[in-house]
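For reference, the structure discussed in these notes is given below.
Bear in mind these aren't lab numbers, they're just calculated from the coordinates by the rules spelled out. Note that this is a predicted model, so its numbers are computed, not measured. Methodologically, a virtual Cβ is constructed for each residue, glycine included, from the backbone with ideal geometry; neighbour enumeration extends over all protein chains shown.
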Amino acid sequence: MSDQLRPEDAPPSLYDDSGNPRFFADPGMDRFVAVVMNLAQEVWVQEERLIALEEEKSGQSIDRPKIDRDAKAKEFIDRVFAPIREA
Amino acid sequence: MSVELQHPMKAEATPDEVARGRFVSGMRSLILNDLAADMRSAYERRAAPAFAKEHGAEPQTSREAHQALRGDPAFNIYSAMRVQAQKMVWASVADSVERETERLVAEAQAVSDLDGSLNLDPALDVPKNVHAIDVHLMPGSYTRGEDSLEAGAVYDRGLAVFSMGLMGANLDDIGLSMSKYIKLRYPDFAPTRILDTGCTVGHNTLPWKQAYPQAQVHAIDAAPGPLAYASARAKMQGQDVAFRQMCADDLAYEDESFDVVWSSMFLHELSKKQRAKCFDEAYRVLKPGGLLLHMELPPNDQMGAFDGFYLDWDSYYNNEPYYKGYRDERPSDLCTRAGFGESEYFDFVVPSIGIYGEKAVAEAATGDRAEGVGQETTGRLAEGVMWYGFGAWKK
């Protein structure tokens with residue numbers, strides 16, 4: 001795949017030498033943001049496993065409504081990423 | 001938040017894969033709602049005043065708003081996170097698609113005898129904009145896996161995560177909202193042949209068959225894999241549609257052979273030259289009294305500098321190279337240059353039928369059709385989304 005199709009008015013400074021978009025003065029920060037997101041995703045996967053185990057243990061998965069995972073995920077994301085709201 | 005597909009080709013995802021998809025949908029919601037609002041606030045508080053100090057006036061265009069925001073902390077974090085979330089959309093479905101290759105083939109085979117058709121053209125020269133870049137950062141783009149079901153499955157499953165539930169349970173909210181709007185606004189219009197151009201997996205094709213069950217519905221795309229998937233998907237949902245591999249700027253249909261030529265989120269994927277030819281071809285194949293209708297993002301000349309930049313962002317950072325060029329064009333010019341009369345052109349905004357309900361669509365169809373054009377929620381995949389459309393009647 002080529003990365004050479006770009007908008008006509010896109011200055012080359014928007015991209016690194018591999019054609020990836022760059023935003024921060026230190027290119028390491030762009031990658032660091034991605035690492036933090038990946039890491040949070042993996043923590044969330046573990047969280048869902050725990051929720052499932054707890055539901056199983058308490059019998060919730062059979063005779064009671066399951067925990068609202070979408071709402072839990074939103075709470076988790078809001079909590080973890082709260083500091084970036086200060087940008 | 002993440003949608004479960006409504007047909008047998010949906011993923012048999014592991015609990016971990018479901019969790020990953022849910023997380024990505026949640027991240028996208030944070031980015032497109034909260035961080036987008038933070039970026040707007042930073043633009044108004046910092047970036048636009050700083051630009052004005054340097055240039056003597058606040059940004060007047062999308063390009064100037066972009067220039068003002070580059071380097072701002074809120075822009076940086078929004079953008080870096082949006083790029084990564086986009087990559088995570090596709091990554092979250094890649095494993096299940098790879099694992100289920102054989103099952104997908106079997107599911108498609110099981111419905112192969114149902115009504116509907118698929119015609120691929122191995123000799124077609126698939127345009128560069130379809131295969132040469134990872135469009136919207138989707139690995140392998142629309143031609144991944146050639147004519148197998150792979151690209152369609154990645155797109156369909158990815159869209160379910162990407163859409164955060166805002167594109168409908170069957171990912172067809174755009175088609176449902178728009179076809180309902182047309183049916184209510186023009187109750188005497190009774191198309192018998194409808195063409196969807198650039199249909200990908202046909203998710204916004206099927207609503208036209210549902211709105212006009214008596215009509216023959218045809219759908220084309222340049223990429224073979226998504227079409228193969230679209231055909232199976234349509235059959236699974238009981239819809240008789242003729243899918244054919246073809247470019248919208250070179251239609252192999254006779255003059256004056258369709259009552260509707262439709263597309264959704266398609267025009268921005270074409271170069272300016274291809275786009276102009278698409279309009280010429282649509283005009284040619286429409287019957288007198290036929291309707292050209294496109295759902296797209298609203299054009300820059302209907303938006304302020306920041307809102308224009310917000311939608312143009314994809315052009316620079318989401319591998320949508322023609323997005324800004326498209327939005328810089330005027331939809332009315334695209335129509336009139338192809339031969340449609342100025343007085344036959346119209347544009348409108350439809351509230352999402354899934355979010356606002358049929359009554360809101362009916363009110364839009366009988367009210368002021370320009371109402372809502374240029375509103376902040378128009379064209380944005382965020383809470384309160386409204387769909388922008390335009391078209392013209394052929395006399």
| message | Considering only residues that are within 13 Å of the chain's Cα centre (by Cα) and farther than 21 Å from B:V18 by Cβ, which ones fall in segment B:124-175? | response | B:V135, B:H136, B:D172, B:D173, B:I174, B:G175
| query | Restricted to segment B:103-150, and to residues that are closer than 17 Å to B:A219 by Cα and within 14 Å of chain A (Cβ to nearest Cβ), which residue is surrounded by the most Cβ atoms within 10 Å (Cβ to Cβ)? | reply | B:Y142
| request: Need at least 1 residues that are more than 14 Å from chain A (Cβ to nearest Cβ), touching a residue at least 24 places away in the same chain (Cβ under 8 Å) and of a type outside the set (K, R) per element, so show me which helices (runs of 4 or more DSSP H) inside segment B:285-347 make the cut, counting only ones lying wholly within it. | output: B:305-317, B:331-337
| query | Among the helices (runs of 4 or more DSSP H) contained in segment B:166-248, which hold 2 or more residues that are surrounded by 24 or more Cβ atoms within 10 Å (Cβ to Cβ) and polar (S, T, N, Q)? | reply | B:173-185
| Does at least one position in segment A:18-37 carry a residue that is more than 9 Å from chain B (Cβ to nearest Cβ), hydroxyl-bearing (S, T, Y) and surrounded by 12 or more Cβ atoms within 10 Å (Cβ to Cβ)? | no
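For every residue, the table says whether it meets (1) more than 8 Å from chain A (Cβ to nearest Cβ); (2) under 18 Å from B:F309 (Cα atoms).
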| position | (1), (2) |
| --- | --- |
| B:A19 | no, no |
| B:A57 | yes, yes |
| B:F75 | no, yes |
| B:Q84 | no, no |
| B:E98 | yes, no |
